[in-house]
Structures are given as C-alpha cells and as structure tokens.
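Enquirer: There's a structure below that I have some questions on.
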Amino acid sequence: MDQLSFECCFCGEGVDTDPNVSRGLDPCAVLIIGNWRAAESQQLSQQFFCHLQCFKAKMAKPSYIDLEEMEPGDQS
C-alpha cells in the first residue's frame, strides 16, 4: 500500500509520515473554519497540513502552542 504524502502549507516541503520513523507531532493539521460565528450549516471548513515548527514560526506568540506538553486524550 502506498504511503500518504503531506506537504507543509508553510514551507512547501514534504512532511514525513513513515510510521517507523518518529517525527514528534508531525504531520499536524490546521483546520480553518470560515464564518465561525454563524450556524454550523453556514460554515465552511478546510484542512491544511504542516510541520509543527513551521506553524509555530508563523505565530505571533508561539507560546500559545502547548501540544508538546499534552498527553494523548488531552483537549485544549
């Protein structure tokens, strides 16, 4: 079976998804919800993939991201 491939929406490089190689939390998905305050039936959403470090590099305050300290099952 072919491996899925992901491209980081920030740097354009591939995001390795080989399950035999530890890549921390990559790939990450960024979910954009348009018209967020409207009723769910009026919203649109799209998912993008990225490296966690690329996402953090684009944030004004990367300290908002605490995924690296979370445990599986935690929600923020």
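Enquirer: Mean separation of Cα pairs under 8 Å and 6+ residues apart, divided by the residue count of the stretch 6-69: what relative contact order is that in percent? Walk me through the numbers on the way to the answer.
Expert: Working: 77 pairs, mean separation 20.7, N = 64.
Reported relative contact order: 32 percent.
Enquirer: Now a separate question. Residues with amide H under 5 Å of Glu7's amide H, sequence separation 5 or more or different chain, H placed in the peptide plane at 1.01 Å from N; which?
Expert: Those qualifying (amide H under 5 Å, at least 5 residues apart or on another chain) are Val15.
Enquirer: Let's see if you can work this out: charge +1 on each Lys and Arg Cβ, -1 on each Asp and Glu Cβ, no other charges. What is the dipole magnitude of the chain about its Cα centre, in debye to the nearest 20?
Expert: Working: 5 positive and 12 negative charges, 93 e Å.
The calculated dipole for the chain is roughly 440 debye.
Enquirer: Something else now. Under the Kirkwood approximation for Rh and a Cα-based Rg, what ratio Rg/Rh is obtained for the chain? Don't jump to the answer; show the numbers that get you there.
Expert: Working: Rg = 14.5 Å, Rh = 14.4 Å.
Taking Rh as the inverse mean 1/r over Cα pairs, Rg/Rh reads 1.01.
Enquirer: For the stretch 9-76, state which trypsin sites (Lys or Arg not before Pro) are in a DSSP loop and have at most 13 other beta carbons lying within 10 Å of their beta carbon. Could the numbers behind the result be given before it?
Expert: Values: sites: Arg23, Arg37, Lys56, Lys58; in loops: Arg23, Arg37.
Here the sparse-neighbourhood loop sites are Arg23, Arg37.
Throughout, read-outs are computed from the coordinates displayed, never taken from laboratory work. Everything quoted here is computed from the prediction, not taken from an experiment. No Cβ is skipped: glycine too gets one built from the backbone with ideal geometry, and neighbour counts run over all protein chains shown.
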